[in-house]
Amino acid sequence: MSHPASASGPEPVDDLGVVAPQLRALRRRASLTLEAAARAAGLSPAHLSRLETGQRQPSLPMLLALARVYGTTVSELLGETVAGRDAVVRAAEMEPTHAGGWTYRQAGASGRGMQALRVQVPYGSQGDIVRVHPGEEWLHVLRGRLRLRLGDTTHVLGAGDSAHFDSLTPHRLAAEDPDGVDLLFVHTLLQSPTATLCLGPTPGETP
């Protein structure tokens, strides 16, 4: 999904010592150089190198971008072990993970062509980062109001509203109200490193 750091900077991802080597291992598994992976995710090579060595803390939008590039899920990037590919995910199994000010819970199985998340977006967090990448995104507002920017148009979605859009449309998300917003969010994963050829830099992000 789409997004940036608040004024105080992104909040740390849990257990950064696990995340950094996992990022490097998954990039190598995808047979991507540091430069190619960074370009595909809209990062500079130096920024990605710092993420892989634990010198920088990845935000959720960065993890989502890297998951798409590597054809995996945020859970795997975080080193989480997901049992099997069960069709049913129980509420008790949706452990929260915090990244970049957001809280998200895995709402689907790993190893599939789409990733489903339940996401809590706090007010004032990551409202400026614009994302552009191949794929599709679908979201549904559960609680609160979401400010969704698609290209040059801004939409405000309330509880029960949904959006389904091409991820090549520049987009960004933010909570409209101080109480934040809860979403169901589904996005497609990139399955081939050759998809990096059609990805460009991410506007609005400072390495």
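The values are calculated or read from the model by the stated rules, or taken from the named source; none is laboratory data. Just so it is clear, the model here is predicted, and its values are computed rather than measured. In this analysis, Cβ positions are derived from the backbone assuming ideal geometry, glycine residues included, and neighbour counts consider all displayed protein chains. Surface accessibility is based on the protein's heavy atoms, side chains included, excluding ligands, DNA and RNA. Shrake-Rupley method; radii C 1.70, N 1.55, O 1.52, S 1.80 Å.
Inspection of the stretch 139-161 finds no residue satisfying the criterion of being within 27 Å of Val69 (Cβ to Cβ), at pLDDT below 90 and open to solvent by 70 Å² or more (accessible area, probe 1.4 Å). A residue that is out of contact with any helix residue (DSSP H, G or I) (no Cβ under 8 Å at 6 or more places or on another chain), in a helix (DSSP H, G or I) and at pLDDT 80 or above can be found somewhere in the stretch 47-61. For the residues Gly111, Gly100, the requirement of being at pLDDT below 85, exposed (fewer than 15 other Cβ atoms within 10 Å of the Cβ), small (Gly, Ala, Ser) and under 16 Å from Ser75 (Cα atoms) singles out Gly111.
Pairing each residue of the stretch 22-36 that is among the basic types (Lys, Arg) with any residue that is in a helix (DSSP H, G or I), provided the two are 6+ apart or on different chains, yields C-beta distances under 6 Å for Arg24/Glu52; Arg27/Ala37.
Quick check: is even one residue across the stretch 63-75 modelled with pLDDT under 90, of a type outside the set (Gly, Ala, Ser) and not in a helix (DSSP H, G or I)? Within the stretch 63-75, one or more residues are modelled with pLDDT under 90, of a type outside the set (Gly, Ala, Ser) and not in a helix (DSSP H, G or I). Mind checking which residues of the stretch 153-168 are of a type in the set (Asp, Glu) and in a strand (DSSP E or B)? Scanning the stretch 153-168 gives a single hit, Asp166.
Within the stretch 114-138, the set of residues being open to solvent by 20 Å² or more (accessible area, probe 1.4 Å) and at pLDDT 75 or above comprises Met114, Ala116, Arg118, Gln120, Pro122, Tyr123, Gly124, Gly135, Glu136, Trp138.
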